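Q: The structure under discussion is supplied below as structure tokens; questions concerning it will follow.
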Amino acid sequence: MTIFIAIYITLLGLVLGSFYNVVALRLPAGESLISPPSHCPSCGTRLKGRDLIPVLSYLLSRGKCRHCGSRVSPLYLLGELATGLLFLGMYLRFGLSGQGITGLVLVSLAVIVSMADFKYMLIPNKVLLAFTPLLLAAVLLFPQGMLWEHALGGALGGIVVLLLALTGGMGMGDVKLFALLGWTVGFPNVILAFLLACLLGTIAGGGLILSGKVKRKQPIPFGPWLAAGSLIAFSYGSQLISGYFSLIR
């Protein structure tokens, strides 16, 4: 039974990931999520059912539009795969529990803001507003610790990133995002999430600079790394923190 649930959760993630791509790529551009229907961004041809199968359609078409041959952004594939695999990861970690539900909502937010930030260097306010009541309710119903720890996590996350934003290092979207993420992961996981975000962002930025894809001092999105760090902290924060302190004793 467990394997069938895991397969279902993964497929659900792949399907939702396709919709999350639409939200992330259309909303910041001021486009409707409904009209026009899914279409090729280059030639405008409306996509048919066989063009909309998550992951499989991209692979079979070799990342190109069947009609005009133009290259389709790999972000579509990345968003679908990331959602499916992260949904599976949350299920394997927490099962069908309250924590698992919170984890799925957190993954959904992480994927949408990451795709939007990668594409536009922007974290849409509408996305944050939509997920705020969901994560507020999820934590109130299924807290990982004491509620004051979640409140402290949200306050600390927002304040730390706000201080960085005031120096020009980040945007206000990052501030609001990490305040919401901090509320979700709580204290002290919010500290771990930030440290992991800095580490992942540094590695990614260094790799892009070394590969010549970005120039030195060229801004890179930090929202995806805040999201990634928070996902790790939410899932394995207590184990990582306990393991760290056991090493330095």
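Q: Within the set of pairs 6 or more residues apart or between chains, which connect a residue that is free of Cβ contacts under 8 Å to residues at least 40 places away in the same chain inside region 153-166 to a residue that is part of a helix (DSSP H, G or I) and surrounded by fewer than 17 Cβ atoms within 10 Å (Cβ to Cβ) with Cβ atoms less than 9 Å apart?
A: Leu162/Met172; Ala165/Met172
Q: Give region 115-128 a look and list any residue that's assigned to a helix (DSSP H, G or I) and of a type in the set (A, V, I, L, M), or say none.
A: Hits for region 115-128 are Met115, Ala116, Val127, Leu128.
Q: Need pairs with beta-carbon distance below 8 Å; first residue in contact (Cβ under 8 Å) with a residue 40 or more places away in the chain and within region 137-150, second loosely packed, with under 15 Cβ neighbours inside 10 Å and part of a loop (DSSP other than H, G, I, E, B); sequence gap 6+ or separate chains.
A: Final answer for the pair search is Phe142/Ser97.
Q: Restricting attention to helices (runs of 4 or more DSSP H) lying wholly within region 1-114, give those where 3 or more residues are closer than 26 Å to Ala193 by Cα and modelled with pLDDT of 85 or more. I'd like the intermediate steps shown before the answer.
A: Details: elements: 2-26, 56-60, 74-94.
Ranges flagged: 2-26, 74-94.
Q: Can you spot a residue in region 108-129 that is open to solvent by less than 40 Å² (accessible area, probe 1.4 Å) and hydroxyl-bearing (Ser, Thr, Tyr)?
A: There is at least one residue in region 108-129 that is open to solvent by less than 40 Å² (accessible area, probe 1.4 Å) and hydroxyl-bearing (Ser, Thr, Tyr).
The values are calculated or read from the model by the stated rules, or taken from the named source; none is laboratory data. Keep in mind it's a predicted model, so treat the numbers as computed, not measured. Neighbour counts are summed over all protein chains in view; Cβ atoms, including those assigned to glycine, are modelled from backbone coordinates with ideal geometry. Just so you know, the surface numbers come from the protein's heavy atoms only, side chains and all, with ligands and any DNA or RNA stripped out. Shrake-Rupley method; radii C 1.70, N 1.55, O 1.52, S 1.80 Å.
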